[in-house]
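Just below is one structure, and these are the notes that go with it.
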DNA sequence: CTAAAATAGTTCAGGACTAAACAATTCAGG
DNA sequence: CCTGAATTGTTTAGTCCTGAACTATTTTAG
């Protein structure tokens with residue numbers, strides 16, 4: 001992630017650098033978006049940094065393995081690329097890497113000779129489990145400033161937002 | 001921004017592709033994080049797409065101009081790079097582009113001969129205003145699924161989260 | 001059946017960003 | 001002062017991803 005983080009608009013200031021835009025009153029939604037973007041970007045950057053430091057892997061690779069971990073029977077590459085919201089070319093590259101490292105394997109799809117079914121090897125599963133445990137601790141630590149009620153509330157609110165956004169732009173693939 | 005979007009962990013399913021991880025119970029914080037990341041990534045991708053389509057510019061460029069718009073007197077490049085949470089080299093590149101297009105100008109800093117002060121030209125200000133207006137409409141549209149009370153509540157909750165995260169990792173620069 | 005359209009995966013050129021090395025300048029401690 | 005450390009902006013090599021072109025296969029319409 002990325003990386004960037006702001007957008008902005010008109011007039012007045014506020015407290016924190018990035019989202020320090022978006023005027024008074026009315027611009028409440030814009031301000032919410034800017035803060036949402038800034039928070040997410042920052043946390044994502046930190047996760048990315050730690051994955052690199054602790055395990056020497058990219059976030060993309062972690063996401064890839066996370067997705068496969070859920071599907072023991074494996075996934076077609078195209079499906080995986082939709083879940084990960086990345087292009088097919090990207091999945092090809094990640095698969096090549098992970099296969100080289102013995103963490104995932106390609107198998108022929110019985111019903112479609114064009115496609116592969118990729119799945120974690122035992123080594124891949126073990127490797128992911130180790131990383132996932134630590135990853136979750138990072139999240140718990142970062143979100144520990146929120147009480148459980150707030151956590152559930154935000155989860156629901158983001159759900160509301162997501163449903164609305166997905167409706168207006170059917171671009172959103174995933175199931 | 002790119003691009004990726006998930007992370008994950010253990011066990012059970014949920015409803016939407018990406019965040020369709022994170023087991024039952026307890027994993028509430030992890031689930032919140034995954035949903036937050038997925039929502040933000042999706043909206044960001046859409047904003048990026050529209051900026052490209054409507055104005056032919058990158059999000060990075062829009063962010064850059066947004067930041068300068070707030071500071072009529074201009075900013076030192078190093079300060080700008082902190083606000084935007086990107087590297088100095090990136091700011092150098094963006095500045096070169098924008099300067100070529102006549103949207104920003106470099107001026108010598110009177111108190112430090114190493115640094116430049118960059119600011120929007122009149123053309124740059126006008127250009128940004130046009131884009132910012134439309135940009136805000138997009139946000140209003142995307143967030144219109146939330147009532148104002150929810151919007152303010154989420155804004156406050158994210159503020160809480162951000163303060164906590166920034167404390168634990170002084171990596172966060174910006175003021 | 002068969003031709004045309006759609007789809008799965010791959011390859012490759014290119015865009016955007018980073019991290020690290022660098023020159024110029026400023027700052028800090030003796 | 002004045003030398004060493006820190007900081008500003010730039011350059012460069014490298015990473016990671018996209019979009020478009022391509023091959024091989026499957027699906028769809030007639």
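The values are calculated or read from the model by the stated rules, or taken from the named source; none is laboratory data. Treat the numbers as computed from the prediction; the structure is a model and nothing was measured. Every residue, glycine as well, gets a Cβ built from its backbone with ideal geometry; the counts of neighbours run over all protein chains shown.
Overview of values
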quantity: Residues satisfying the stated conditions in the stretch B:97-143, i.e. within 16 Å of DNA strand C (Cβ to nearest atom), outside any helix (DSSP H, G or I) and in contact with a strand residue (DSSP E or B) (Cβ under 6 Å, 6 or more places away or on another chain); calculated: B:104, B:106, B:107, B:109, B:115, B:116, B:117, B:118
quantity: The listed residue being within 14 Å of chain A (Cβ to nearest Cβ) and loosely packed, with under 14 Cβ neighbours inside 10 Å, out of B:102, B:89, B:145, B:124; calculated: B:89
quantity: Odd one out for residue A:81 among (1) without any contact (Cβ under 8 Å) to a residue 40 or more places away in the chain; (2) surrounded by fewer than 19 Cβ atoms within 10 Å (Cβ to Cβ); (3) within 11 Å of DNA strand C (Cβ to nearest atom); calculated: (2)
quantity: Test result for residue B:59, within 16 Å of DNA strand D (Cβ to nearest atom), crowded, with 19+ Cβ neighbours inside 10 Å, at pLDDT 95 or above and farther than 22 Å from residue A:129 by Cα; calculated: no
quantity: Residue, farthest from residue A:36 (Cα to Cα), within the stretch B:43-69, restricted to residues that are out of contact with any helix residue (DSSP H, G or I) (no Cβ under 9 Å at 6 or more places or on another chain) and assigned to a helix (DSSP H, G or I); calculated: B:53
